[in-house]
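Engineer: Mind looking over this structure? Questions follow.
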């Protein structure tokens with residue numbers, strides 16, 4: 001499992017110009033079964049993604065294809081997490097990985 005943070009850079013003002021393409025990139029991640037959750041870092045600091053079912057190198061390639069990353073609107077950080085404890089509801093999701 002991976003947690004990806006996409007923190008806004010100095011080019012944050014260009015986000016609106018690439019938002020449609022960024023949203024299409026997010027949809028593609030969900031369609032591929034890689035993205036499990038996306039959300040905003042408050043207050044307006046960027047975004048976060050939880051990703052599963054992919055190797056780190058492949059995920060790095062996926063993240064680099066994000067137009068926000070490509071245009072330096074956000075700076076990505078990928079953290080690999082190995083869960084050790086979780087609720088029963090989450091076990092069904094993460095034991096498949």
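Any read-out appearing in this document is the output of simple, stated calculations on the displayed coordinates, not a laboratory observation. Small disclaimer: the values here were computed from a predicted structure and weren't measured. Heads up, the Cβs are rebuilt from the backbone with ideal geometry, glycines too, and the neighbour counts pull from every protein chain shown.
Engineer: Fully extended, how many nm does the chain gain between residue 27 and residue 41 (0.36 nm per residue separation, minus their Cα-Cα distance)?
Structural biologist: 3.2 nm
Engineer: What do you get for Rg/Rh of the chain when both radii come from the Cα atoms and Rh is the Kirkwood radius?
Structural biologist: My calculation puts Rg/Rh at 0.99.
Engineer: Now for a different question. Put a dot 7 Å past each Cα toward the Cβ at residue 9 and residue 52; how far apart are the dots in nm?
Structural biologist: If labels sit at residue 52 and residue 9, their model points lie 3.1 nm apart.
Engineer: Please report how far the C-alpha centroid of the stretch 39-89 lies from that of the stretch 1-35, rounded to the nearest whole angstrom.
Structural biologist: Their Cα centres are 9 Å away from one another.
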